[in-house]
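Reviewing the structure listed below.
The values are calculated or read from the model by the stated rules, or taken from the named source; none is laboratory data. Keep in mind that this is a model prediction, so the values were computed, not measured. Counting neighbours? That spans all protein chains shown, and the Cβs are built from the backbone with ideal geometry, glycine included. SASA here: full protein model, heavy atoms, side chains in, ligands and nucleic acids out. Shrake-Rupley method; radii C 1.70, N 1.55, O 1.52, S 1.80 Å.
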Amino acid sequence: MNRVEPNLLLALATAFPFALVLMTASIYGPEGLWLRYVIMSAVVILAFLPMNALLSKRLGLSRPPMILPDAPSTLVWAGLFPLMNMIMALIPLFWPGRDLGLLVIIAAIWFALTIESAIKAHKLKPR
């Protein structure tokens, strides 16, 4: 039986709280900004992935995936990404009616980091 890659599970586990951030920001934020939040998050994610790869290559940085099989503690640290997105989803409930664009951008970047980790783990996986 094939095992599911932990970095892919991390990206999926971060996707649901990220969607919750988008929903709470759209519902409790200013009226009519939901489309802006959705488009802004899509642009941030789609721009972050290639730009971060290009910048890392240019600076000579090579980071491994977030979750490493030989270091189980990385799983606990990587679990902070979905947790922080869940906490960020609560912020619009306490401060309704405010523009939450920065909140959506931060959540999108954290989600993009987990996607990047899943891509790196897929590239490193032996065939």
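Check off (1) touching a helix residue (DSSP H, G or I) at 6+ places or on another chain (Cβ under 9 Å); (2) open to solvent by 60 Å² or more (accessible area, probe 1.4 Å); (3) farther than 21 Å from Met84 by Cα for Leu33 and give me the number that stays unchecked.
(2)
Would you mind stating whether Trp110 is open to solvent by 40 Å² or more (accessible area, probe 1.4 Å), at pLDDT below 95 and either within 19 Å of Leu124 (Cα to Cα) or out of contact with any Cys (no Cβ under 9 Å at 6 or more places or on another chain) (or both)? Please lay out each step first, then the result.
Numbers: open to solvent by 40 Å² or more (accessible area, probe 1.4 Å): yes; at pLDDT below 95: no; either within 19 Å of Leu124 (Cα to Cα) or out of contact with any Cys (no Cβ under 9 Å at 6 or more places or on another chain) (or both): yes.
No, not satisfied.
How many residues does segment 94-107 contain that are open to solvent by 80 Å² or more (accessible area, probe 1.4 Å) and hydrophobic (A, V, I, L, M, F, W, C)?
3
Which of the residues belonging to segment 24-68 are in contact with a Lys or Arg (Cβ under 8 Å, 6 or more places away or on another chain) and not basic (Lys, Arg)?
Answer for segment 24-68, where residues must be in contact with a Lys or Arg (Cβ under 8 Å, 6 or more places away or on another chain) and not basic (Lys, Arg): Gly29, Pro30, Ser56, Pro64, Pro65.
Hey, Asp70 hits all of (1) closer than 21 Å to Asn2 by Cβ; (2) open to solvent by less than 70 Å² (accessible area, probe 1.4 Å) but one; which does it fall short on?
Answer for Asp70: the failing condition is (2).
Scan segment 14-44 for residues that are among the aromatic types (Phe, Trp, Tyr) and more than 11 Å from Met88 (Cβ to Cβ) and jot them down.
Matches in segment 14-44: Phe16, Tyr28, Trp34, Tyr37.
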